[in-house]
1. Across the range 115-135, which residue is nearest to Thr80 (Cα to Cα) among those that are in a strand (DSSP E or B) and open to solvent by 80 Å² or more (accessible area, probe 1.4 Å)?
2. Across the range 90-114, what is the number of residues that are surrounded by fewer than 16 Cβ atoms within 10 Å (Cβ to Cβ) and over 15 Å from the mean Cα position of the chain (by Cα)?
3. For the range 39-69, name all the residues that are touching a residue at least 12 places away in the same chain (Cβ under 8 Å) and either within 13 Å of the chain's Cα centre (by Cα) or open to solvent by less than 30 Å² (accessible area, probe 1.4 Å) (or both).
4. Is it the case that some residue within the range 14-37 is open to solvent by less than 20 Å² (accessible area, probe 1.4 Å), under 18 Å from Glu124 (Cα atoms), at pLDDT 95 or above and polar (S, T, N, Q)?
5. Among the candidates Thr87, Thr80, single out the residue that is on the phi < 0 side of the Ramachandran plot, surrounded by fewer than 15 Cβ atoms within 10 Å (Cβ to Cβ) and in a strand (DSSP E or B).
Amino acid sequence: MASVLEEKDAIRELLARYCFHFDLGAFDDWIALFTPDGVFDVGPMGRFEGHVGLRQFLKNVPLTEDRPLVKHCVMNSIVTVDGATATAQSYVVVISAGPPLGLTLAGRYEDRLVKTPHGWRFRERRAHFDLFHGR
C-alpha cells in the first residue's frame with residue numbers, strides 16, 4: 001500500500017501528464033487520463049462528459065502540425081488524498097505561441113480524482129479562467 005506522500009506524488013505526475021499530453025497533441029493519452037465517465041468543465045466553453053465528450057472538446061482546439069500552439073503550466077497544487085479518491089486545486093497559466101505570443105490566460109483547476117487499476121485519473125476537472133489576454 002502506497003503512503004499518502006507517494007499518492008500525492010502520483011497525482012502531481014497526473015497533473016503534469018495532462019499538460020504534456022495536451023500540448024504535444026497526444027490526445028489519446030490525454031483522454032486516457034480521465035475516467036470513462038470523466039467530466040471536463042470549461043465554464044463558458046462548455047461541459048464535456050466521457051471520452052466521447054472530450055473528443056468533441058478537441059474538435060474546437062486549433063492545431064498546427066497536429067499540435068496546439070500552447071503550453072500549459074500548472075503550479076501551486078494542493079492535493080488532499082482520502083483513500084481511493086482525492087481532490088486537487090492548482091493554478092494554471094497558458095502561454096500561446098501566437099499570434100499573439102504570450103500569456104493567453106491564467107486561472108485555476110479544481111479536480112476530483114479517483115484511483116483506478118491504471119493509476120490516478122480525473123473524474124472531474126473544472127477550469128476557472130480568472131485572467132484573459134487583453135482583459
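1. Looking only at the range 115-135, we keep the residues that are in a strand (DSSP E or B), and these are 115-116, 119-132.
With the extra rule that they be open to solvent by 80 Å² or more (accessible area, probe 1.4 Å), the set shrinks to 115, 123, 126, 131.
Working: Lys115: 13, Arg123: 15, Arg126: 16, Leu131: 26 Å.
So the residue we want is Lys115.
2. Here the count works out to 7.
3. Of everything in the range 39-69, those that are touching a residue at least 12 places away in the same chain (Cβ under 8 Å) and either within 13 Å of the chain's Cα centre (by Cα) or open to solvent by less than 30 Å² (accessible area, probe 1.4 Å) (or both) turn out to be Val39, Phe40, Asp41, Val42, Gly50, Gly53, Leu54, Phe57, Leu58, Pro68.
4. Yes, the range 14-37 contains at least one residue that is open to solvent by less than 20 Å² (accessible area, probe 1.4 Å), under 18 Å from Glu124 (Cα atoms), at pLDDT 95 or above and polar (S, T, N, Q).
5. Thr80
The values are calculated or read from the model by the stated rules, or taken from the named source; none is laboratory data. Here the structure is a predicted model, which means the values were calculated and not measured. Ideal geometry is used to build each Cβ from the backbone, glycine not excepted, and the neighbour counts take in all protein chains shown. To get the accessible areas, we keep the full protein, side chains included, count just its heavy atoms, and leave off ligands, DNA and RNA. Shrake-Rupley method; radii C 1.70, N 1.55, O 1.52, S 1.80 Å.
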